[in-house]
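Before any comments, here is the structure.
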Ligand code: UD1
């Protein structure tokens with residue numbers, strides 16, 4: 001691979017990149033085209049976390065006072081969440097240049113979430129807890145999102161019922177399901193989650209913040225995004241202990257007030273650039289990230305021979321072809337290996353001495369990228385919840401389709417290592433979760449462009 005010699009250092013999407021987002025996302029034929037074979041080099045900055053900012057925005061509905069959220073990434077999902085909140089009656093102003101969102105939910109106009117928006121983004125289900133707590137009612141279509149599994153919301157519902165809400169699952173005129181939740185005043189309760197669901201933990205934590213009395217969430221999710229939400233809620237006056245452990249205790253308060261909050265850096269975006277550096281046999285400094293949030297990614301990359309060191313608060317990733325070898329990965333809730341990095345890691349494993357096993361335990365249908373990677377000459381066998389990556393593949397450019405958000409990222413980084421041209425279609429998935437991926441990779445020397453037709 002040719003080392004990149006040019007200038008480096010884009011740390012945020014520029015204002016234009018963010019302003020153009022709306023236009024770009026409406027173009028369903030858009031593609032990302034990568035010419036492979038260049039080792040990435042330089043420094044890249046990580047944006048605010050998508051998975052942290054969405055529940056933070058939902059939480060602003062819990063108060064009638066103004067809130068300010070900063071370090072907001074310019075992403076399609078952020079636009080959708082802002083629009084959902086507007087539909088509910090909140091004023092939402094997104095200053096894309098400054099990466100700031102101001103909200104004011106003086107009155108909540110409706111308890112009915114806008115179906116077309118909610119169905120397009122599963123994370124919107126986290127509006128349900130705040131709406132229920134604030135207004136005593138929430139009517140929500142069953143949510144959509146990536147097609148990576150069934151993704152039910154039974155644990156969210158179990159939590160609301162424990163807090164005293166009446167729940168009905170109904171069908172609308174077109175036969176689509178929706179959930180109707182009602183309560184007079186939520187009451188604190190003990191909730192045991194059968195699985196440490198991130199969204200259910202966040203939803204129940206927000207609802208319980210305004211409930212009467214104590215709530216205990218057992219087997220709670222421990223993800224940094226749960227901790228970030230708890231920190232924001234505490235700034236709003238909530239009384240929460242234990243976020244970041246598997247037992248969260250909440251003492252409900254009468255009212256929450258406005259607050260300001262800076263979103264944590266996106267650990268999944270950081271992990272994606274770590275893998276981009278590794279697969280391209282590059283030398284990249286990943287800046288504005290929290291190294292503690294990517295411990296499992298760092299550990300597994302080190303097992304493959306990739307060298308990783310902390311540098312000025314960031315992480316340097318160096319990959320030397322001669323040192324690389326296989327490893328196995330198994331996805332688990334935090335602090336286990338993140339399912340959201342599994343596709344990108346699999347793309348990398350296909351290029352090193354194998355075989356490696358990849359076991360997916362969080363979602364039941366998260367190997368859709370296998371068929372696409374195989375079009376690029378990866379040699380991977382999909383065996384249900386386990387994939388065997390034969391390794392040593394000389395990836396070749398191909399026309400491939402982003403089947404979901406992280407699968408799309410995996411294909412883009414596979415394109416960096418492939419001989420020839422890779423064309424990734426259906427990139428609206430990628431727009432949901434990566435701020436200016438093309439600009440950032442280009443700043444590291446990649447030959448990559450976005451084509452909007
Ligand atoms: C969040 C992340 C997503 C990540 C996932 C797991 C956001 C916006 N998205 O999604 O990027 O991949 O965590 O780390 O933060 N489950 C149930 N019943 C429920 C809820 C979940 O069975 O009521 C199951 C799901 O089907 C899935 C597993 O639990 O198999 C994990 O889901 P969950 O942790 O809830 O993921 P999300 O919050 O949707």
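What follows draws every value from the coordinates through simple rules; no lab data is involved. Since the structure is predicted, the reported quantities are computational estimates derived from the model, not experimental observations. Cβ sites come from the backbone with ideal geometry, for glycine too, and all protein chains shown count toward neighbours.
Per-residue ellipticity at 222 nm computed for the chain from its helices equals -9000 deg cm²/dmol, with DSSP H segments shorter than 4 residues left out and the rest contributing -39,500 (n - 2.57).
With contacts taken as Cα pairs under 8 Å and at least 6 residues apart, region 50-262 reaches a relative contact order of 20 percent.
With a cut-off of 8 Å between alpha carbons and a minimum separation of six or more residues, what is the relative contact order of the chain in percent?
On the way: 1180 pairs, mean separation 96.1, N = 453.
Relative contact order for the chain comes out at 21 percent.
Averaging the Cα positions of each part gives two centres, and for region 273-291 and region 372-441 these lie 17 Å apart.
Could you please tell me the mean projected area of the C-alpha convex hull for the chain, averaged over all directions and given in square nanometres to one decimal?
Working: hull surface 77.5 nm².
The number I arrive at for the chain is 19.4 nm².
To the nearest 0.05, what FRET efficiency results for residue 70 and residue 253 with a Förster distance of 22 Å applied to their C-beta separation? All intermediate terms of the calculation are to be shown ahead of the outcome.
On the way: r = 24 Å, r/R0 = 1.11.
After rounding, the FRET efficiency stands at 0.35.
Length gained on full extension, residue 106 to residue 218: 37.0 nm, using 0.36 nm per residue less the C-alpha separation.
Provide the FRET efficiency to the nearest 0.05 for the residue 312-residue 375 pair, computing r from the beta carbons and using R0 = 56 Å.
With a Förster radius of 56 Å, E is 0.90.
If N is the number of residues in region 169-249, what value comes out of its Cα radius of gyration divided by 2.2 N^0.38 Å? Each step should come with its number before you reach the end.
Numbers: Rg = 14.2 Å, N = 81, 2.2 N^0.38 = 11.7 Å.
Computed over Cα atoms of region 169-249, the ratio equals 1.22.
Only bridges with both residues in the chain count here: give the DSSP antiparallel percent, nearest 5. Intermediate results must be reported in sequence, preceding the final value.
Working: 55 of 78 bridges.
So the antiparallel bridges in the chain amount to around 70 percent.
Distance from the Cα centroid of region 45-101 to that of region 162-211 is 22 Å (rounded to whole angstrom).
Normalised by the residues of region 212-299, what does the relative contact order come to in percent, with Cα pairs under 8 Å and at least six apart? Can you show the working numbers first?
On the way: 102 pairs, mean separation 23.4, N = 88.
The normalised contact order for region 212-299 reaches 27 percent.
By how many nm would the segment from residue 260 to residue 353 lengthen if fully extended, with 0.36 nm per residue of separation less the alpha-carbon distance?
On the way: separation 93, 0.36 × 93 = 33.48 nm, distance 4.81 nm.
Extending this stretch completely gives an extra 28.7 nm.
Tell me, what are the semi-axes, in whole angstrom and largest first, of the equivalent ellipsoid of region 97-200 as set by the roots of 5 times the Cα gyration tensor eigenvalues?
On the way: eigenvalues 83, 72, 54 Å².
They are 20, 19, 16 Å, listed largest first.
Binning the alpha carbon pair distances of region 50-262 at 10 angstrom intervals from zero yields the distribution 9, 39, 40, 12, 0, expressed in whole percent.
Extension gain for residue 385-residue 322 works out to 19.6 nm (0.36 nm per residue, less the C-alpha to C-alpha distance).
Estimate the FRET efficiency between residue 394 and residue 239 by the formula 1/(1 + (r/R0)^6), using the beta-carbon distance for r and 56 Å for R0, to the nearest 0.05. The calculated FRET efficiency here is 0.45.
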